[in-house]
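Structure record follows, encoded as C-alpha cells.
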Amino acid sequence: MAKSNVQLMLTKDVSKLGKLGELVAVAPGYAQNYLLPKGMAIRATRGVLLEVERRKEKERQRLIAVRQEAESQKVALSTIGGFVIKKQVGENNAIFGTVTDREIAQMITAKTMMEIDRREITVPEIKETGTYEVLIKFHAEVTATIKVQVVPE
C-alpha cells in the first residue's frame, strides 16, 4: 500500500523538480531521505503555505505594475507621432548604410528621454528614403509601432 505524497516548499532550485519558493508534492522517501536532510526543502505547514500565497500575490502585483508601465510608455510614444532620421542619399533615393536599432533607440531617447533597449526594437530593411514602421516591444503583451521617416541629409 503506497503512502500519499508529501507537500514541501523548496528552499533551493532542484533540477527536474522546481525552483526556490515553489510548492511541490513528492514521495515521502524522497522528502525524508534527500530533500529535507540536504536543506533543499521544508515541510509545507500552514504558515509556509500562507507565505507562499503572499509571495505569489506580491509577484502578481509586480507583474501588473510592469505591464502598466509598458502601456504608459507605448502611449507616450504614440502621442509623439513620427520620428525623422537624416541619411546620406545616392542615386534613386538609395541611402548609404542602413538604419539600425541603435540609431532608433538613440533618437527616441533624445526626443523623449525614454530609455529603450535596442534589442527590443525591430527595424525593417531600409535601403532608401521614405516612411517605415518600426516595432518596439515593451513587454511580452505590449508592442508599439512608430513611424520613422528617412530623409536626405
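A short reminder: the numbers here are calculations on the coordinates, not readings from a lab. It should be emphasised that the depicted structure is a prediction, and the values quoted were computed from it without experimental measurement. With ideal geometry, Cβ positions are generated from the backbone for all residues, glycine too; neighbour counts draw on all protein chains shown.
Sequence-ordered 3J(HN,Hα) estimates for the range 19-34 from the Karplus curve with 6.51, -1.76 and 1.60 and θ = phi - 60° stand at 9, 3, x, 7, 8, 9, 10, 10, 5, x, x, 4, 5, 5, 9, 10 Hz, glycine and proline given as x.
Report the full-extension gain for the segment Lys86 to Ala25: residue separation times 0.36 nm, less the Cα-Cα distance, to one decimal in nm.
Details: separation 61, 0.36 × 61 = 21.96 nm, distance 6.05 nm.
In short, 15.9 nm is gained.
The angle between the Cα long axis of helix 46-80 and the main principal axis of the chain comes to about 10°, on a 0 to 90 degree scale.
Taking the C-alpha atoms only, the angle from helix 101-112 to the longest principal axis of the chain is near 80 degrees. When the Gaussian network model of the chain links Cα atoms closer than 10 Å, the mean-square fluctuations of Gln61, Gln106, Gln32 top out at Gln32.
Could you work out [θ]222 nm for the chain from helices alone, using -39500 (n - 2.57) per DSSP H run of at least four and dividing by all its residues? Round to the nearest 500 deg cm²/dmol.
Details: 2 runs with 47 residues, N = 153.
The helix contribution divided over the chain gives -11000 deg cm²/dmol.
Which of Glu91, Glu133, Glu51 ends up with the largest GNM mean-square fluctuation for the chain, with Cα atoms connected below 10 Å? Its mean-square fluctuation being the largest, the pick is Glu91.
Each label point was placed 7 Å from the Cα along the Cα-to-Cβ direction; for Lys16 and Leu63 their separation is 2.7 nm.
Between exposed trypsin sites (Lys or Arg not before Pro) in the chain, where DSSP calls loop and at most 15 other Cβ atoms lie within 10 Å, what's the longest gap?
No qualifying site falls inside 39-126, the longest such stretch.
Along its three principal directions, the equivalent ellipsoid of the chain from the Cα gyration tensor extends over semi-axes of 54, 17, 11 Å, largest first. State which entries of Lys86/Lys147; Lys38/Lys58; Lys74/Lys127 exceed 18 angstrom in Cα-Cα distance in the structure shown. Correct reply: Lys38/Lys58; Lys74/Lys127. Here each label is just a point 7 Å from Cα along the line to Cβ, and for Thr45 and Ala110 those points are 6.2 nm apart.
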